[in-house]
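As C-alpha cells, the structure follows; a few thoughts come after it.
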Amino acid sequence: MNSPCLSNAELIDLEIFAAQIRIKTIEMIAAVGKGHVGGSMSIADAVAVLYGSAMRYDPANPKWKMRDRLVYSKGHSGPALYAALAIKGFFPQEWLKRMNQIGSNLPSHVHARLTPGVDVSTGSLGQGLSVAVGLAMADRLDGRDSYVYCVMGDGECQEGQVWEAAMFAGNHILNRLIVLVDNNKRQCSGELKKINDVGDLGRKFKDFGFDVFEVNGHDLAQIDVAIRQAKQNTFKPSVIILDTIKGKGCSFAEQMADNHNITVNTEQAVAAVKILETRIDDLNDKRERGHVNEN
Amino acid sequence: MKINLAQPGTPAEESMADTLGRCLGAFMEEDLRVIAMDADVGLGKMLPPEIINKYPNRYINVGIAEANMLGIACGLSFKDKVPFTYTFCCFAARKVLDQAFLSGAFGGAHVLMIGAMPGVTATINGGSHMAFEDAAVMRAVPEMTVVEPSDMLQGEQVLRMAKDLPGMFYIRWERKGDIRFYENGSTFEIGKAVKLCGGSDVTIIAQGHLCLKEAQAAVALLALEGIRAGLIDMFTLKPIDREAIVDAVRETGCLVTAENQNVLGGLGSAVSEVMAENEAAPLEMVGIRDAFGEVGDLESLKKRYKLTAQDIAAAAKRAISRKQKRRPGA
Ligand SMILES: Cc1ncc(C[n+]2csc(CCOP(=O)(O)OP(=O)(O)O)c2C)c(N)n1
C-alpha cells in the first residue's frame, strides 16, 4: 500500500507537539507533587501522532458524531492526554494547573463525564479494549466510517479481559479498530519479564486475527506510517506495538529504575522542561532552515 | 477481649502500611503455609526485603490480574496454604467478586483478601479508584467475614486471627492509618465490637481508622456542649456484633453510624437490620450517600462527602432530637 506520509515540516510540527505534551505533563504532575510520570512519557509520542495527524475530531464540538474515538485504556497516563487535549483547544490550558485537585475536571485517571475530549472512563486496567470493540461494532452497525483507537499498557495485557476482547475483535473482523500498545517493558513493580511475562505481544495479537505493526514508539514518522497503513486495513483489526522507554524524554525520570508513580519537585520539573524547551527551539530552527531551503 | 485505650490522637510508631508489611513478613517466617500475593500494587515494597530474599517463592506477584490472583489463592488454600491477597479496595472486591464467591466462599476456600485504600483515602487516584461499595458487596457473600481494623495494634491481631480462622476474609486496610486507639496489651475478637466510651445521649458507631478518628473528635465536640456520646469501634462489619448494637440502643436511645463508604449495604444498613429485628431507635448515617468518588486531597474529600467530626456531631444532634420527638422528656 502506498500511503502518503508526513512532509518534513509536518513531522517537525509533530515533534514540537510531542515535546509540548511532555512539558505540560511534567508541569501538571509537579503541580500536585506526584504522578504517573513513566507511562505518560512513554506514550507521549503516540498521543502526539493521534491528535497531531491521525484522528478526526473537532475541539469545538467534542461530541461530533463522526469523530474518531480514543479509548485511553491505560487511564493512569491521563496527564499526557490532557496536555494534548488542552493544546488542541478542547478546554482551557488553565485547567491543567488544577489536575487532581478537589473539583478538578482532570482526575488522575481519565473520566469521560468530566473532561471534554475524553470518550471513555478508564482507570481499572484491562477494560478498555472491550469498550473499544463495542464502539467499533456500533460504528459498523450504523455504517459510520470512524476509527476507534485503543491505547493500552503492556502490563495491562496481563489482564485476561484484554484477550477476550482481542479474540472477539479478530473473529468479528473489526477492521476499523486500531490498538496501540505502549510496550515499555515495565509495569508498577518492575519489569514484566520478572513479574509475569506477556511474551511476544505481536504474535499473540496475530493469533487472535490482528494485523501487527511493530514500530519504534518514539519515532513519530514510524508511528504515523503504521497508523496510515492500519487505516487501510479492510480485513483485520490492527495492533501497533510501540517499542517504548518508560519515562522517555523526562530527564530526571528516564534514569530512574522505578519511575512509575513518583514524586516530582519543582527543581526536577524546571530542569526537565528546560531541556525540552531547548529541543523545541532547535526544532523551530530546523523548520526555518527547511523553509529557506524549500524556497 | 481486653482493652487499654490510648490517649486520643496518640501517634502510631508506624503507618498501617508498615504494619501490614511487617506482619505478613513475620507470618511468612513463622508459618511456612503463608503466601503473600500481590497484583502489581507494591506489596513487594512493603514486605521486609530479607523475607522476600529468604522465601522468594512465597511472595507471588501475579501481575495485573486480580481475578487470576484470587483463583490461584483459592487453589493454594485447597492444598493447605494460607494466602493473603493484596490489591486496592477498588479492585479487591469489584474485579474478583465471582472468584471470591465461587472458587472462594462457595467452594470452601480460606483466603485473606486485603483491600488497601478504602473509600476517600484513594485521594488523588480519583473516582475510578474510590471503593465505596467493596465491603457491602463482600458482606452479601455468604460466610464471608468482613473487617476493617482501625489501628496498627488491632490490625496486627486481626491479620493473625484471620490467618488462623477458617473461611474467606475481606480485610479493608487503611494504609495511611497513623494514630493509635489502643495500647499494647489490648486484645480483640473478630465479631466483638469495642466500646471506647459509654454515653447517655447518643452512641456513635464507627468503622475504620478515618471514621473512628473523626468520631472520637466528634465525641469531644459534643462533650463541649454537654452531650454525652458513647463510641463503638465496629471493626467487624460481618458478622456484626448484634449485642453491642442492642445494648447501645438501650443505653442511649439513638445512634449514629460513621463509615468511609456508601451507606447502602454498609455499616448503616447492617446496624439498621439489627435494630429492625430487635429494638429500633433513631439512626443517622454518616457516610457516602450513594455517590461516586472524586479526585482530591483527603481533607477536602472528607468535607465534600461530609465525613468530618463536625458532620458526625451534627448527625448526633439530629439523632438526639429525633429521639426526643419520639419520647418527649427522654
Ligand atoms: C485493574 C487494575 N489493577 C491495578 C491497577 C494499578 N496500576 C496502575 S498503573 C499500573 C501498572 C501499569 O503498567 P502498564 O500497563 O505497563 O502501564 P505503563 O507501564 O505504561 O504505565 C498498575 C498496576 C489498575 N489501575 N488497574
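The single condition among (1) closer than 18 Å to B:E214 by Cβ; (2) in contact with a Cys (Cβ under 6 Å, 6 or more places away or on another chain) that B:T257 does not satisfy is (2). In the set (1) farther than 17 Å from A:S73 by Cβ; (2) within 16 Å of the ligand (Cβ to nearest atom); (3) part of a helix (DSSP H, G or I), the condition left unmet by A:S189 is number (3). Consider B:I52 carefully, then state whether it is within 14 Å of another protein chain (Cβ to nearest Cβ), out of contact with any helix residue (DSSP H, G or I) (no Cβ under 9 Å at 6 or more places or on another chain) and surrounded by fewer than 22 Cβ atoms within 10 Å (Cβ to Cβ). No.
Test A:D13 against the stated conditions and say whether it is surrounded by fewer than 24 Cβ atoms within 10 Å (Cβ to Cβ) and part of a helix (DSSP H, G or I). Spelling it out, A:D13 is indeed surrounded by fewer than 24 Cβ atoms within 10 Å (Cβ to Cβ) and part of a helix (DSSP H, G or I). Candidates are the residues of region B:22-49 that are within 14 Å of chain A (Cβ to nearest Cβ) and among the charged types (D, E, K, R); the one that is nearest to B:S77 (Cα to Cα) is B:D38.
Among the residues making up region A:207-227, a single one is out of contact with any helix residue (DSSP H, G or I) (no Cβ under 8 Å at 6 or more places or on another chain) and either of a type in the set (K, R) or surrounded by fewer than 18 Cβ atoms within 10 Å (Cβ to Cβ) (or both): A:D207. In a residue-by-residue description of region B:53-70, the property of being of a type outside the set (A, V, I, L, M) and under 30 Å from B:G265 (Cβ atoms) applies to at least one position.
In region B:313-324, the residues that are in the same structural domain as B:A206 (by TED's automatic domain parsing) and over 17 Å from B:V249 (Cβ atoms) form Cβ pairs under 8 Å with partners that are open to solvent by 10 Å² or more (accessible area, probe 1.4 Å) and not β-branched (V, I, T), at six or more places apart or across chains, as follows: B:A313/B:L221. In region B:126-158, what residues are more than 19 Å from B:G268 (Cβ to Cβ), under 12 Å from the mean Cα position of the chain (by Cα) and open to solvent by less than 10 Å² (accessible area, probe 1.4 Å)? Hits for region B:126-158 are B:P149, B:D151, B:Q154, B:G155, B:V158. Just to be sure before I move on: is A:A166 in contact (Cβ under 8 Å) with a residue 24 or more places away in the chain, away from every other protein chain (no Cβ under 14 Å) and outside any loop (DSSP other than H, G, I, E, B) in the structure I sent? Judged against the criteria, A:A166 is a match.
A:I23 meets each of the listed conditions (1) β-branched (V, I, T); (2) within 16 Å of the ligand (Cβ to nearest atom); (3) outside any loop (DSSP other than H, G, I, E, B) apart from (2).
Tallying residues that are in a loop (DSSP other than H, G, I, E, B), surrounded by fewer than 24 Cβ atoms within 10 Å (Cβ to Cβ) and either within 14 Å of chain B (Cβ to nearest Cβ) or modelled with pLDDT under 95 (or both) within region A:124-145 yields 2.
Residues are listed down the side, and each one gets a yes or a no for (1) open to solvent by less than 10 Å² (accessible area, probe 1.4 Å); (2) closer than 21 Å to B:E174 by Cβ; (3) assigned to a loop (DSSP other than H, G, I, E, B):
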site	(1), (2), (3)
B:I240	no, yes, yes
B:A244	no, no, no
B:A276	no, no, no
B:D290	no, no, yes
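Within region B:59-118, the set of residues being on the phi > 0 side of the Ramachandran plot and open to solvent by 10 Å² or more (accessible area, probe 1.4 Å) comprises B:D80, B:G108, B:M117. Taking region B:197-238 as the range and being assigned to a helix (DSSP H, G or I) and without any contact (Cβ under 8 Å) to a residue 12 or more places away in the chain as the test, the residues that pass are B:A223, B:L224. Residue count for region A:123-142, restricted to those that are away from the ligand (no atom under 13 Å from the Cβ), touching a Ser or Thr at 6+ places or on another chain (Cβ under 8 Å) and small (G, A, S): 1.
Inside region A:249-276, residues that are assigned to a loop (DSSP other than H, G, I, E, B) and crowded, with 19+ Cβ neighbours inside 10 Å make up a count of 5.
Filtering region B:116-150 to residues that are among the small types (G, A, S), away from chain A (no Cβ under 14 Å) and within 26 Å of A:N261 (Cα to Cα) leaves only B:G119. Looking at region B:49-122, the helices (runs of 4 or more DSSP H) lying wholly inside it that each contain 2 or more residues that are under 27 Å from B:I288 (Cβ atoms) sit at B:66-78, B:89-94.
Regarding B:L196, is this residue over 30 Å from B:D80 (Cα atoms), open to solvent by 10 Å² or more (accessible area, probe 1.4 Å), of a type outside the set (S, T, Y) and within 17 Å of the chain's Cα centre (by Cα)? For B:L196, the condition - over 30 Å from B:D80 (Cα atoms), open to solvent by 10 Å² or more (accessible area, probe 1.4 Å), of a type outside the set (S, T, Y) and within 17 Å of the chain's Cα centre (by Cα) - is met. The set of residues from region B:7-28 being touching a residue at least 24 places away in the same chain (Cβ under 8 Å) and either open to solvent by less than 10 Å² (accessible area, probe 1.4 Å) or assigned to a helix (DSSP H, G or I) (or both) comprises B:M16, B:A17, B:D18, B:T19, B:L20, B:G21, B:R22, B:C23, B:L24, B:G25, B:F27, B:M28. Is it the case that A:F213 is touching a residue at least 24 places away in the same chain (Cβ under 8 Å) and more than 28 Å from B:A39 (Cβ to Cβ)? Considered against the rule, which asks whether it is touching a residue at least 24 places away in the same chain (Cβ under 8 Å) and more than 28 Å from B:A39 (Cβ to Cβ), A:F213 comes out as yes. The set of residues in region A:77-117 that are open to solvent by 20 Å² or more (accessible area, probe 1.4 Å), over 20 Å from A:M152 (Cα atoms) and within 11 Å of chain B (Cβ to nearest Cβ) comprises A:R98, A:Q101, A:I102, A:G103, A:N105, A:R113, A:L114.
Looking at this structure, is A:K194 within 14 Å of another protein chain (Cβ to nearest Cβ), open to solvent by 60 Å² or more (accessible area, probe 1.4 Å), without any contact (Cβ under 8 Å) to a residue 12 or more places away in the chain and over 18 Å from A:V148 (Cβ atoms)? Judged against the criteria, A:K194 is a match.
The values are calculated or read from the model by the stated rules, or taken from the named source; none is laboratory data. Here the structure is a predicted model, which is why all the values come from computation and not from measurement. Positions of Cβ are generated from backbone atoms using ideal geometry, with glycine treated the same way; all protein chains shown enter the neighbour counts. These area figures cover heavy atoms from the full protein model, side chains too; ligands, DNA and RNA do not enter into them. Shrake-Rupley method; radii C 1.70, N 1.55, O 1.52, S 1.80 Å.
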